[in-house]
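Each value in this text was obtained by applying a stated rule to the coordinates, not by laboratory testing. Owing to the predicted nature of the structure, the values given are computational and were not obtained by experimental measurement. Ideal geometry is used to build each Cβ from the backbone, glycine not excepted, and the neighbour counts take in all protein chains shown.
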């Protein structure tokens, strides 16, 4: 099942920007990124391995730009199931993300015997290129539903959606809301509810951030263009400004959900259902920002989308790839897939 009804420059960034630019219209210049928000004074320093990974990602020679024409024309590498039998299993998995160094994976899995969603963690063995048996993330071993994990590029926070109560009680909320846990020296700290600037009595799902701290998510709150719209909230100190609708370049009278912006906020991948250009069911779409507004979005094309359902897009910068989920039916969570650019 899908959730919704339920500035650094790299060759990968260049390739994806060109690909999306070809989709939404040639010659569309993107906005300059906003100034970074100063980190919290109490935040944990970026781990050395993460800093090194960001440097390596920035200088990686992925040669994506030369593949843009092939990708736009649908001539591309086959998307392959990610870590079959370990992360992608017969169980229901969704929203796979990797840390900046590409060595730790987070995703959610539905535990049928417990009737709940749990965020899992798996680590890559770089010598054997295999992933460890997933274990429940420390913050997610509760009686409530946790899902849609997202780790910031600096590794300082993990965001997720949950129905856990905000009053410390034992009764799950009737809606889904967004939480954030900080990285501490011993692991993930206690999750913090993002508050009324982001959350409402309606549902808020699939958090993702840019590297200036702007939060993107989808919600079925009143006042949108359709049943589900994409919203964003700018960082303000340790919290956020009130969330606003991302606008008609992205949102339509159909369903829009699963936003995944680029680190500098210049382009975005997201899911949508019900559009006339769909390959079938839910598809992944793209848009580029110009003059502060999102240009009319376009289908990401046959390199990603099929007659099946595609959703939950995420970037894996260290691997030069796009991660997403594909399923045969809306009721089936499906498996995580990886499409590697420039290889």
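Between residue 132 and residue 81, 0.36 nm times their residue separation minus their Cα-Cα distance comes to what?
Difference between extended and current length: 16.7 nm.
Expected output is a single nm value to one decimal: the length gained when fully extending between residue 197 and residue 306, i.e. 0.36 nm times separation in residues minus the C-alpha distance. What is it?
Here the segment from residue 197 to residue 306 would lengthen by 35.6 nm.
Classify the stretch 132-190: rounded, prolate or oblate, from the alpha-carbon gyration tensor (a ≥ b ≥ c, eigenvalue square roots; a/c under 1.5 rounded; otherwise prolate if a/b is larger than b/c)?
Prolate is the answer for the stretch 132-190, as a/c is 1.5 or above and a/b outweighs b/c.
Under a crude label model (7 Å from the Cα following the beta-carbon direction), how far is residue 253 from residue 91 in nanometres?
It is 4.2 nm.
Give me the distance in nm between label points sitting 7 Å out from Cα along the Cα-to-Cβ direction at residue 172 and residue 293, one decimal.
For the pair residue 172/residue 293, the computed spacing is 4.1 nm.
Quick check on the stretch 115-258: take the gyration tensor over C-alpha atoms, sort the square-rooted eigenvalues as a ≥ b ≥ c, and tell me if it's rounded (a/c under 1.5), prolate or oblate.
prolate
At residue 112 and residue 190, where each label point lies 7 Å from the Cα along Cα→Cβ, what is the point-to-point distance in nanometres?
3.7 nm
Quick check: convex hull of the Cα atoms in the stretch 249-343, volume per residue, rounded to a whole Å³?
Once divided by residue count, the hull of the stretch 249-343 is 97 Å³.
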